[in-house]
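Here is the structure we will look at.
All of the numbers you see were taken from the coordinates with simple rules; none came from a lab. Because the structure is a prediction, the values reported are computed rather than measured. Every residue, glycine as well, gets a Cβ built from its backbone with ideal geometry; the counts of neighbours run over all protein chains shown.
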Protein chains: 2
Amino acid sequence: MTMVLRDLPLLEQPVVEACCAPLAAEVLSAGDAETLSRQFAALADPVRLRLLSLLATAEAGAVCACDLVEPVAKSQPTVSHHLKVLAEAGLVTSERRGRNVWYGVVPAALEALRGALATR
Amino acid sequence: MTMVLRDLPLLEQPVVEACCAPLAAEVLSAGDAETLSRQFAALADPVRLRLLSLLATAEAGAVCACDLVEPVAKSQPTVSHHLKVLAEAGLVTSERRGRNVWYGVVPAALEALRGALATR
DNA sequence: GAGGAACATTGACGGTCGTCAATATGTTCC
DNA sequence: GGAACATATTGACGACCGTCAATGTTCCTC
């Protein structure tokens, strides 16, 4: 079978559902609070925020991991670790392309978090 | 133990300015990332999220600290600690009323965080 | 298949965080 | 002033986190 080289810039987007109603709508259950706090914890690190920003501002919608190490000035394992945390929180997706791995934001996940912070 | 609502239910709101442009607008500077991450860190705990939700859903716009201990099922010092973290992040304001201290959300601060998460 | 390149994982270290008991600070009422 | 109440602070402990060097894994190229 012939290997076809895809040059799709966009990554597949997972289905995202809001974890809960906005904070101001009803009192958060203990379970929902646990879930939400894990997502915010992913945003509670300056390196991860910069990585997220690098992905979010990328014209192509995705960035090679190899282009993420130098901008944040951390070691390659550290960057890999942070990308994993973002991915496990569902804020980011990844896809292998040859030797490289491309990362992209999941806009719906960010929108879901925005929804949780909505006020009245 | 429930406190009766007195007059002056509303707390004074501090002036809030957004720390930075949305993540997707331009790449976050190291300094802005540090600032933003501290705010998200305040949201990265289930107890604090529930406290924030209790304040945000309060009809009166503020809640006596004495009414926050039982709902989150933590010790009084622990609740006091979390309220302090929320206050230092600028997400909450407090005001003494007699023996009690009333806490209320700072909606503008939540809106500022929502702004940072805006996508394109 | 061997070598190399890109990314992930492991293990270890220092630092920070959440929690509570004990105690301090501040306020009201007698 | 003193007792009683409400909240904040201190100190200690275990758990978790960010970081890097070393190593593992996967994939391309020759």
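Computed quantities for the displayed model
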| read-out | value |
| --- | --- |
| Pair list, Cβ under 8 Å, 6 or more apart: segment A:28-52 residue more than 7 Å from every other protein chain (Cβ to nearest Cβ), other residue of a type in the set (D, E, K, R) and within 13 Å of DNA strand D (Cβ to nearest atom) | A:ALA42/A:ARG48; A:ALA42/A:GLU88; A:VAL47/A:LYS74 |
| Test set (1) within 13 Å of DNA strand D (Cβ to nearest atom); (2) more than 7 Å from chain B (Cβ to nearest Cβ); (3) in a loop (DSSP other than H, G, I, E, B) - A:GLU17 fails condition number | (1) |
| Count of segment A:67-102 residues which are exposed (fewer than 15 other Cβ atoms within 10 Å of the Cβ), farther than 21 Å from A:ALA41 by Cα and near DNA strand C (Cβ under 7 Å from one of its atoms) | 3 |
| Verdict on A:GLU88 being within 15 Å of DNA strand D (Cβ to nearest atom), under 15 Å from the mean Cα position of the chain (by Cα) and more than 9 Å from chain B (Cβ to nearest Cβ) | yes |
| Selection from segment B:20-65 of residues that are within 16 Å of DNA strand D (Cβ to nearest atom), farther than 26 Å from B:GLN76 by Cβ, of a type outside the set (A, V, I, L, M) and part of a loop (DSSP other than H, G, I, E, B) | B:SER29 |
| Qualifying residue in segment B:45-53 (condition: within 30 Å of A:LEU52 (Cα to Cα) and more than 11 Å from DNA strand C (Cβ to nearest atom)) | yes |
| In segment B:86-111, the residues that are assigned to a helix (DSSP H, G or I) and within 20 Å of A:ASP32 (Cβ to Cβ) | B:LEU86, B:LEU110 |
